[in-house]
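Novice: Sharing a structure here in structure tokens format.
The values are calculated or read from the model by the stated rules, or taken from the named source; none is laboratory data. All of these numbers come straight from a predicted model, not from anything done at the bench. Methodologically, a virtual Cβ is constructed for each residue, glycine included, from the backbone with ideal geometry; neighbour enumeration extends over all protein chains shown.
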Amino acid sequence: MHDTETNIDKLTEDEKRKMVEKYDSESRFRDLNIPWMVRLVTIVSVGLALFHLITSFTGPLVTLQHRALHTGVILILVFLLYPSRKNAPQQRASLIDFLLAILSLATIIYIFIDYMGIVNRAGLPNQNDILFSLLMVILVLEGGRRVVGNGLTVLCALFLLYAYFGPHLPRIIAHRGYQIDDIVTYMYLTTEGIFGTAIGVSATYIFLFVLFGAFLNRTGMGQLFNDSAMAISGHTSGGPAKVAVISSGFLGSINGSAIANVVTTGSFTIPLMKRTGYSKNFSGAVEAAASVGGQILPPVMGATAFIMAETLGMPYAQIALAAIIPGILYYLGVLTVVHLRAKRRGLRGLNRSELPSIKNVMKERGHLLIPLVILIYMLFGGYTPIYAAAWAIISTVVISMLRKTTRMNFKGLIQALEDGTRSALGVGMACAMVGIIVGVASLTGFGLKMTSAILFLGNDVLLFTLFFTMIASIILGMGLPSIPTYIITSSMAAPALVQFGVEPFVSHMFVFYFGILANLTPPVALAAFAGAGISGGEPNRTGFISLKLAVAGILVPYIFVYSPELLMQGTNVANIIWITITAAIGIIALGAAIEGYLIEHINLIVRLFAAAGAITLVIPGVWTDLIGFSLLMIVIITQLFSRKEKNLSPTTIAK
């Protein structure tokens with residue numbers, strides 16, 4: 001990678017695309033150059049997008065048929081757009097690819113033609129059922145390998161082998177075992193396997209929100225976020241780093257892809273951070289931590305909030321509200337470390353002459369915020385997420401017409417529909433593969449065995465159980481997008497906490513946080529590696545720094561398990577305000593302890609006081625708040641004395 005430090009314009013769109021492809025297998029599309037193949041992909045992609053838009057108003061098809069159509073069309077596009085290997089044709093689909101696409105179409109047709117027969121034969125499949133079931137499992141594994149990569153594919157294969165070889169395994173994980181016929185038909189002919197909850201949410205909420213993100217991207221929403229952040233904070237100490245945090249947080253919440261967000265926003269912010277004086281590793285880490293945090297930031301939360309609502313049977317608005325305080329604390333933690341590092345090293349912001357005016361930014365693109373306002377209003381107004389997303393997409397098209405710079409013509413509209421479908425392929429395939437994993441866990445009782453193992457390791461101590469659940473969530477989330485990460489961790493790890501008496505919603509939030517942080521955790525820290533790829537830093541070092549920046553994301557989940565008030569559970573408005581204020585002060589103190597700077601440099605002993613005060617302030621409670629404030633007063637008094645002594649020193653006076 002060439003040096004991008006001197007001029008951001010050197011990083012072309014083609015280079016950005018290659019950078020995304022390097023770290024995100026979902027973006028490794030073929031660059032088709034045969035006109036009829038290009039048109040075929042466009043027609044199928046636009047058709048699928050329109051199907052989901054129309055059914056958002058008319059209502060979905062019968063569950064199995066709706067999910068089968070969604071999955072089958074995604075498979076068709078995957079085989080046409082993703083090469084089977086690195087040295088396969090990159091500009092055209094091969095005959096084998098077309099054969100696999102036709103077989104994918106056959107799996108849809110079979111579900112539609114013999115739907116009543118499948119229902120009536122429930123539990124007693126015939127030869128055709130078994131044949132198409134086996135075909136579907138193979139197609140999902142191959143399609144997933146091309147899109148998501150080898151990691152999740154191997155995991156799916158291991159689960160399928162586990163289902164078959166159950167009686168021959170160690171007693172702790174053994175089960176009675178199932179025949180191949182039983183396994184594959186469970187995956188294809190029921191809504192417990194491939195067509196389970198994961199693909200169901202992909203076929204409804206996720207697709208529409210990904211499509212919404214594509215439309216916003218086409219109108220220039222990313223530019224609005226970047227320019228707004230630049231105008232607001234670009235001139236402050238370490239301004240470019242704050243721009244990265246703010247813009248990446250908002251963009252990441254909508255687009256749902258941390259890696260794509262790192263490259264999209266980071267290609268602009270990372271060179272600016274380096275120019276300001278931040279190190280290569282730190283610059284990449286800031287962008288990675290900010291992009292990953294978007295997945296836990298309301299209102300959209302990378303679409304995971306909708307799956308959580310479906311899984312727990314809770315209203316979406318309740319989940320989004322509960323996630324506000326932890327989301328704010330996460331970003332406050334990142335901003336605090338960024339700011340204090342800038343102060344400690346004397347890093348200045350950008351010259352105001354280099355920055356856009358917030359007035360001009362809002363005048364040019366501010367109207368693009370209206371669809372977001374409409375979306376949030378409808379989500380919190382009791383409308384279904386599907387209906388709200390559909391109207392948000394329509395309003396984006398209409399409102400984009402207000403300015404020439406954001407206006408979408410017919411070609412742009414078609415391109416947005418195709419972009420949205422292409423962006424949904426990776427998530428859709430990951431959800432189909434996760435359906436296999438969850439299906440096997442349900443069929444064999446593996447989830448219960450994992451819960452027992454975590455509880456055994458925890459030795460009936462909640463803190464230990466939380467720790468081992470955290471480790472399990474990070475491992476399960478390695479290299480996966482946020483949505484499959486949540487589905488797997490909530491199925492495999494969260495039940496251990498529920499068994500311990502932790503509320504289901506709190507348990508799900510705990511595992512989701514740590515599953516997301518797997519993108520920052522070496523050795524498979526894909527978001528951090530993408531940041532390092534742009535900054536020229538060392539990948540693992542960048543990953544560890546990004547974890548330090550995301551320390552609030554590590555601390556806060558432990559706190560809200562012990563004190564669900566942080567999630568606005570079982571408390572009142574006045575208490576929520578107080579909790580938010582004290583927790584925010586605690587996070588700032590934690591940033592000071594990490595960075596070793598507040599008003600002046602902090603020595604080790606005072607840093608320990610700051611860390612202790614921070615943790616006690618984040619924990620809700622009268623006594624913890626009193627202890628926390630007392631410890632922080634000691635820190636502040638020590639800092640004031642240190643500054644006074646520094647100002648009175650002969651060297652300072654001479655200067």
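Novice: Filter the range 234-252 down to residues that are crowded, with 24+ Cβ neighbours inside 10 Å and of a type in the set (S, T, N, Q), then give me how many there are.
Specialist: Final tally of qualifying residues: 2.
Novice: Out of all the residues in the range 51-67, which are in a helix (DSSP H, G or I), surrounded by fewer than 13 Cβ atoms within 10 Å (Cβ to Cβ) and not polar (S, T, N, Q)? Even if it seems obvious, please write down each step before you answer.
Specialist: Taking the range 51-67 first, the residues in a helix (DSSP H, G or I) are 51-58, 63-67.
Add one more test, that the residue is surrounded by fewer than 13 Cβ atoms within 10 Å (Cβ to Cβ), and what stays is 54, 57-58, 63.
Those that are in a helix (DSSP H, G or I), surrounded by fewer than 13 Cβ atoms within 10 Å (Cβ to Cβ) and not polar (S, T, N, Q): Ile54, Phe57.
Novice: If you don't mind, there's one more thing I want to ask. Considering the range 298-327 alone, what residues qualify as being outside any helix (DSSP H, G or I) and surrounded by fewer than 22 Cβ atoms within 10 Å (Cβ to Cβ)?
Specialist: So the first thing to find is which residues in the range 298-327 are outside any helix (DSSP H, G or I), and the list is 298-300, 313-315, 323.
Result: Pro298, Pro299, Gly313, Met314, Pro315.
Novice: Specify which of the listed residues (Leu402, Leu368, Leu350, Leu355) is out of contact with any Gly (no Cβ under 9 Å at 6 or more places or on another chain) and among the hydrophobic types (A, V, I, L, M, F, W, C).
Specialist: On the way: Leu368 fails: out of contact with any Gly (no Cβ under 9 Å at 6 or more places or on another chain); Leu350 fails: out of contact with any Gly (no Cβ under 9 Å at 6 or more places or on another chain); Leu355 fails: out of contact with any Gly (no Cβ under 9 Å at 6 or more places or on another chain).
Exactly one residue qualifies, and that residue is Leu402.
Novice: May I ask you to say which residue of Val137, Val78 is of a type in the set (Val, Ile, Thr), within 18 Å of Thr191 (Cβ to Cβ) and surrounded by 19 or more Cβ atoms within 10 Å (Cβ to Cβ)? Steps first, answer last, please.
Specialist: On the way: Val78 fails: within 18 Å of Thr191 (Cβ to Cβ).
Of the residues listed, the single one that is of a type in the set (Val, Ile, Thr), within 18 Å of Thr191 (Cβ to Cβ) and surrounded by 19 or more Cβ atoms within 10 Å (Cβ to Cβ) is Val137.
Novice: Continuing with the same structure: Across the range 274-312, which residue is farthest from Phe207 (Cα to Cα) among those that are in contact with a His (Cβ under 8 Å, 6 or more places away or on another chain) and either without any contact (Cβ under 8 Å) to a residue 12 or more places away in the chain or of a type in the set (A, V, I, L, M, F, W, C) (or both)?
Specialist: Step one: filter the range 274-312 for residues in contact with a His (Cβ under 8 Å, 6 or more places away or on another chain), giving 308, 311-312.
Imposing the further condition that a residue be either without any contact (Cβ under 8 Å) to a residue 12 or more places away in the chain or of a type in the set (A, V, I, L, M, F, W, C) (or both) reduces the set to 308, 312.
Details: Met308: 16, Leu312: 20 Å.
Residue satisfying both the conditions and the ranking: Leu312.
Novice: Taking into account only those residues within the range 563-582 that are without any contact (Cβ under 8 Å) to a residue 60 or more places away in the chain and assigned to a helix (DSSP H, G or I), which is farthest from Leu626 (Cα to Cα)? Reasoning before the result, please.
Specialist: Looking only at the range 563-582, we keep the residues that are without any contact (Cβ under 8 Å) to a residue 60 or more places away in the chain, and these are 563, 565, 570-575, 577-578, 581-582.
Adding the requirement that they be assigned to a helix (DSSP H, G or I) leaves 565, 573-575, 577-578, 581-582.
Details: Glu565: 18, Val573: 21, Ala574: 18, Asn575: 15, Ile577: 17, Trp578: 13, Ile581: 14, Thr582: 10 Å.
By that ranking, first place goes to Val573.
Novice: Okay, next question. Being over 23 Å from Asp419 (Cβ atoms) and either assigned to a helix (DSSP H, G or I) or among the acidic types (Asp, Glu) (or both) is the filter here; which residues of the range 68-96 pass it?
Specialist: Listed by number, the residues that qualify are Ala68, Leu95, Ile96.
Novice: Tell me which of these Pro125 doesn't satisfy, since it passes every other one: (1) under 30 Å from Ile454 (Cβ atoms); (2) in contact with a Leu (Cβ under 8 Å, 6 or more places away or on another chain).
Specialist: Pro125 satisfies every listed condition except (1).
Novice: Related question: Could you please find all residues in the range 493-506 being surrounded by 24 or more Cβ atoms within 10 Å (Cβ to Cβ) and assigned to a helix (DSSP H, G or I)?
Specialist: Residues of the range 493-506 surrounded by 24 or more Cβ atoms within 10 Å (Cβ to Cβ): 493-494, 496-497.
Those that are surrounded by 24 or more Cβ atoms within 10 Å (Cβ to Cβ) and assigned to a helix (DSSP H, G or I): Ala494, Ala496, Leu497.
Novice: Name the pairs whose Cβ atoms lie under 7 Å apart, with the first residue in the range 610-629 and buried (at least 21 other Cβ atoms within 10 Å of the Cβ), the second in a loop (DSSP other than H, G, I, E, B), and 6 or more positions between them or separate chains?
Specialist: Final answer for the pair search is Ala610/Ile602; Ile619/Ser563; Pro620/Ser563.
Novice: Could you tell me how many of the residues in the range 600-609 are crowded, with 16+ Cβ neighbours inside 10 Å and either closer than 21 Å to Leu347 by Cα or β-branched (Val, Ile, Thr) (or both)?
Specialist: As a first pass, look at the range 600-609 and keep what is crowded, with 16+ Cβ neighbours inside 10 Å: 600, 602, 606-607, 609.
Then drop every residue that is not either closer than 21 Å to Leu347 by Cα or β-branched (Val, Ile, Thr) (or both), which leaves 600, 602, 606.
Residues flagged as crowded, with 16+ Cβ neighbours inside 10 Å and either closer than 21 Å to Leu347 by Cα or β-branched (Val, Ile, Thr) (or both) within the range 600-609 amount to 3.
Novice: List the number of the failed condition for Gly213; all other conditions in (1) modelled with pLDDT under 95; (2) closer than 29 Å to Ala88 by Cα hold.
Specialist: (2)
Novice: I'd like the residue in the range 143-181 that is at pLDDT 90 or above, over 24 Å from Thr451 (Cβ atoms) and not β-branched (Val, Ile, Thr) and, out of all such residues, is surrounded by the fewest Cβ atoms within 10 Å (Cβ to Cβ).
Specialist: Gln179
Novice: Enumerate the pairs (first residue in the range 526-540 and surrounded by fewer than 24 Cβ atoms within 10 Å (Cβ to Cβ); second residue anywhere and polar (S, T, N, Q) and in a helix (DSSP H, G or I)) with beta-carbon separation below 7 Å, excluding pairs fewer than 6 apart on the same chain, so at least 6 apart or on different chains.
Specialist: Final answer for the pair search is Glu538/Asn281.
Novice: Here is a further query. So, of the residues in the range 132-179 that are of a type in the set (Lys, Arg) and assigned to a loop (DSSP other than H, G, I, E, B), which turns out to be farthest from Val524 (Cα to Cα)?
Specialist: Pass one, the range 132-179, residues of a type in the set (Lys, Arg): 145-146, 171, 176.
Checking which are assigned to a loop (DSSP other than H, G, I, E, B) leaves us with 171, 176.
On the way: Arg171: 31, Arg176: 35 Å.
Within the range 132-179, the match that is farthest from Val524 (Cα to Cα) is Arg176.
Novice: Assigned to a helix (DSSP H, G or I) and in contact with a helix residue (DSSP H, G or I) (Cβ under 7 Å, 6 or more places away or on another chain): which single residue out of Gly447, Gly479 fits that description?
Specialist: Details: Gly479 fails: assigned to a helix (DSSP H, G or I).
That would be Gly447, the only listed residue that is assigned to a helix (DSSP H, G or I) and in contact with a helix residue (DSSP H, G or I) (Cβ under 7 Å, 6 or more places away or on another chain).
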